Amino acid sequence: MINSRLTRGQGMAIIGFSALFIVLLVGFDTVSPEQRIIEKSRSLNIEKINIRSLIAQVKNGLTAQTRNDIEILEERIAKSQNDSTKSSHIKELAAMWFKEGQPLISGHYAGEVAQIDNTPESWSIAGTTYALASRQSTNEMDLSYCIEKAREYYENAISLDPGNVPYKINLALSYVDHPLSENPMKGIMMMMDLNRKYPENPSVLFHLGRLSLETNQLEKAVERLEASLRYDSLNSQAHCLLEEVYLKLGKPAQAELHGKKC
């Protein structure tokens, strides 16, 4: 039961387009090697995933009624006279695909909404949808595609709202959960940097505590999770983790205390 709660709790900047334009204009190369790897990976994944082909394929497995509902929305989108109406219909379509258990397709449409609305929230929603899709991916190609899109969209959200800590946490966790082969510690370092910048943020402390538990650093897990609860005493997931940690430490009284609040 504890693990199922934790799974729900894990939940996951535009890459300098203006800077890139300047680079191309004046002929100087300022793109870092790591950024080149990221951009190359993204371009390759985009080539590998034909979203229109995927949509057509999945449609064949839907009920006639659901397929008809989707096609009605597609027609409304095509006939939309303004961005507001178009965005509203695409949101409906994204929600419908998500309900049908197709978060990758839903993420595609959430991304289209974000391109129209261009708000931090819309980019974050699109990123989170792809992050959820990555958990359901059954092959390496889909997994890689979803991870890269999630990161790209979280970066877009951060570029529009640099002070939003949850966006930064989600981006960092995408690297924790799916480490880069050339820099496997990147996600952890990003979380540690967030902790230095926001030492009293309960979400940062919670996730660091969770990661400490996963690596069996039990005392460190207790320290971070207890600190998280000092700033957010109602976080039931933190109580669940502490119940587990204290049981592993052989401290049943403390475990029971947190278990009651789990």
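Within region 162-173, is there a residue that is touching a Ser or Thr at 6+ places or on another chain (Cβ under 9 Å) and of a type in the set (D, E, K, R)? Scanning region 162-173, I find no residue that is touching a Ser or Thr at 6+ places or on another chain (Cβ under 9 Å) and of a type in the set (D, E, K, R), so the answer is no. Taken together, the residues in region 58-85 that are modelled with pLDDT of 95 or more, more than 21 Å from Gln115 (Cβ to Cβ) and open to solvent by 90 Å² or more (accessible area, probe 1.4 Å) amount to 1. Restricted to region 148-194, and to residues there that are in contact with a Phe, Trp or Tyr (Cβ under 7 Å, 6 or more places away or on another chain) and farther than 22 Å from Asn118 by Cβ, the residue that is surrounded by the fewest Cβ atoms within 10 Å (Cβ to Cβ) is Lys186. Screening Ile90, Ile158 for residues that are among the β-branched types (Val, Ile, Thr) and within 30 Å of Ser181 (Cβ to Cβ) leaves exactly one candidate, Ile158. Does Val176 fit the bill of being farther than 20 Å from Arg135 by Cβ, in a helix (DSSP H, G or I) and of a type in the set (Val, Ile, Thr)? No; evaluated as a whole, the condition is false for this residue.
Taking the criterion of being closer than 20 Å to Ser174 by Cβ, under 25 Å from the mean Cα position of the chain (by Cα) and not hydroxyl-bearing (Ser, Thr, Tyr), would at least one residue in region 235-255 satisfy it? Yes, some residue in region 235-255 is closer than 20 Å to Ser174 by Cβ, under 25 Å from the mean Cα position of the chain (by Cα) and not hydroxyl-bearing (Ser, Thr, Tyr). If we scan region 140-147, do we find a residue that is out of contact with any Asp or Glu (no Cβ under 6 Å at 6 or more places or on another chain), part of a loop (DSSP other than H, G, I, E, B) and either at pLDDT below 95 or loosely packed, with under 15 Cβ neighbours inside 10 Å (or both)? Within region 140-147, none of the residues are out of contact with any Asp or Glu (no Cβ under 6 Å at 6 or more places or on another chain), part of a loop (DSSP other than H, G, I, E, B) and either at pLDDT below 95 or loosely packed, with under 15 Cβ neighbours inside 10 Å (or both).
For Ser4, the criteria (1) exposed (fewer than 12 other Cβ atoms within 10 Å of the Cβ); (2) modelled with pLDDT under 95; (3) farther than 30 Å from Glu244 by Cβ hold in every case but one, which is (3). Of the residues making up region 222-247, those that are under 14 Å from Arg210 (Cβ atoms) and part of a helix (DSSP H, G or I) number 18.
The values are calculated or read from the model by the stated rules, or taken from the named source; none is laboratory data. Treat the numbers as computed from the prediction; the structure is a model and nothing was measured. All Cβ positions, glycine included, derive from the backbone under ideal geometry; neighbour counts span all protein chains shown. Side chains included, ligands, DNA and RNA excluded: accessible areas come from the protein's heavy atoms. Shrake-Rupley method; radii C 1.70, N 1.55, O 1.52, S 1.80 Å.
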